[in-house]
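Data block below; observations after.
Where a number appears in this text, it was derived from the coordinates with a stated rule and is not lab data. On a predicted model such as this, the values are computed, not experimentally measured, just so you know. Reconstructed Cβ throughout: ideal geometry from the backbone, glycine too, with neighbour counts over all protein chains shown.
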């Protein structure tokens, strides 16, 4: 049987990945909204945009997984996993945002 702490860590890692995905999709939604505004279309509230709402729900789901992970592992372990958001962002952002890289990247 898997130790509950290991289960909590696995759930926490998956939750951090899902949170990072939600954040990147929110950024993508903001960029799409800005593109629509720049093309002359009517400005829409970002929080009413379906793409942004789905991205927020993904982000929220990832954070709820972290809450579940806290039931299996200690807070000190799960809170240390937050740094994985940076790793997931570094991997997923270039794939999903397809932005231009500059010298600061």
For the chain, built as a Gaussian network whose Cα springs stay under 10 Å, the top-fluctuating residue of 14, 91, 24: 91
Rounded to one decimal in nm, the spacing of the 7 Å Cα→Cβ label points at residue 45 and residue 30 is 1.8
So the FRET efficiency between residue 53 and residue 98, C-beta based with R0 = 30 Å and rounded to 0.05, is 0.85
Connecting every pair of Cα atoms under 10 Å apart in the chain and solving the GNM, the largest mean-square fluctuation among 39, 79, 19 falls on 39
On a full-extension model of 0.36 nm per residue, what is the gain between residue 7 and residue 83, subtracting their alpha-carbon distance, rounded to one decimal in nm? 25.5 nm
For the chain, what does the relative contact order come out to in percent, with C-alpha contacts under 8 Å and a separation of six or more? 46
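Going by a ≥ b ≥ c, the root eigenvalues of the Cα gyration tensor, does segment 46-98 fall in the rounded group (a/c under 1.5), the prolate group (a/b larger than b/c) or the oblate group? List each step's numbers first, then the result.
On the way: a/c = 3.74, a/b = 1.47, b/c = 2.55.
Here segment 46-98 falls in the oblate category.
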Convex hull over the Cα atoms of the chain, averaged projected area in nm²? 8.3
